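Before any comments, here is the structure.
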Amino acid sequence: MKTNAVRLLDMLGISYELREYEVDPDDLAAESVAQKIGLPPDQVFKTLVTRGDRTGIGLAVIPGNTQLDLKALAQISHNRKMEIVPLKEVQPLTGYIRGGVTALACKKDYPVYVDEFIELFDVISISAGVRGMQIVLAPADYLRAVNATVGMITQDKT
């Protein structure tokens with residue numbers, strides 16, 4: 001199955017691998033997805049939709065076993081304050097549903113902020129734009145495809 005995210009990678013000439021998995025609608029956690037596709041949770045990156053008081057909507061891409069540090073994201077994105085967008089706004093803004101949000105081929109070209117941990121790995125996994133499918137690719141290719149700003153935007157889960 002070709003999603004818009006996969007089509008974008010094809011158009012950019014970026015190589016990737018698709019990994020499908022069984023979806024449990026009651027457990028969409030990145031840790032569960034990681035186990036199903038055979039990668040450590042810190043290599044499976046999740047995309048969160050955020051809103052800044054100055055710059056508006058942005059996407060934060062972080063390892064599945066961490067949580068977003070809103071203060072750090074505000075600083076890197078030149079905002080005073082950041083918030084996670086309510087779930088009901090995610091699909092209208094991105095075109096994607098929870099568990100399938102990706103920065104690739106979003107409805108609009110939002111700024112993308114990726115945690116610097118991405119640079120530790122040979123490959124990472126991100127959503128293919130649908131539940132049940134992940135894209136495995138080189139971090140540098142992903143950063144180029146989404147025109148990301150990289151910085152420290154996470155904290156350990158508490």
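Rundown of residues vs (1) farther than 22 Å from Asp42 by Cβ; (2) touching a residue at least 40 places away in the same chain (Cβ under 8 Å); (3) not in a strand (DSSP E or B), yes/no style:
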site: Leu73; (1), (2), (3): no, yes, yes
site: Glu83; (1), (2), (3): yes, no, no
site: Leu93; (1), (2), (3): yes, yes, yes
site: Tyr96; (1), (2), (3): yes, no, yes
site: Gly99; (1), (2), (3): no, yes, yes
site: Leu104; (1), (2), (3): no, yes, yes
site: Lys107; (1), (2), (3): yes, no, yes
site: Ile126; (1), (2), (3): no, yes, no
site: Arg131; (1), (2), (3): no, yes, yes
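Can you pull out every residue in the stretch 53-71 that is part of a strand (DSSP E or B) and either surrounded by fewer than 19 Cβ atoms within 10 Å (Cβ to Cβ) or of a type in the set (Phe, Trp, Tyr) (or both)?
Narrowing the stretch 53-71 to residues part of a strand (DSSP E or B): 56-63, 66-68.
Gly56, Ile57, Gln67 - these are the residues of the stretch 53-71 that are part of a strand (DSSP E or B) and either surrounded by fewer than 19 Cβ atoms within 10 Å (Cβ to Cβ) or of a type in the set (Phe, Trp, Tyr) (or both).
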(message) Looking at the structure I just gave you, is Thr55 in contact with an Asp or Glu (Cβ under 9 Å, 6 or more places away or on another chain) and modelled with pLDDT of 95 or more?
(response) no
(request) Could you grab me the full set of residues in the stretch 106-126 that are within 22 Å of Ile76 (Cβ to Cβ) and either surrounded by 19 or more Cβ atoms within 10 Å (Cβ to Cβ) or small (Gly, Ala, Ser) (or both)? (result) Cys106, Pro111, Val112, Tyr113, Val114, Asp115, Phe117, Ile118, Ile124, Ile126
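State all residues of the stretch 146-158 that are among the hydrophobic types (A, V, I, L, M, F, W, C), more than 12 Å from the chain's Cα centre (by Cα) and surrounded by fewer than 22 Cβ atoms within 10 Å (Cβ to Cβ); if no residue qualifies, say none.
Answer for the stretch 146-158, where residues must be among the hydrophobic types (A, V, I, L, M, F, W, C), more than 12 Å from the chain's Cα centre (by Cα) and surrounded by fewer than 22 Cβ atoms within 10 Å (Cβ to Cβ): Val150, Met152.
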(request) Please give the number of the condition Thr50 fails out of (1) surrounded by fewer than 15 Cβ atoms within 10 Å (Cβ to Cβ); (2) at negative phi. (result) (1)
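The values are calculated or read from the model by the stated rules, or taken from the named source; none is laboratory data. Please read all numbers here as calculations on a predicted model, not as lab measurements. Quick reminder, even Gly has a Cβ in these numbers, built from the backbone with ideal geometry, and neighbours come from all protein chains shown.
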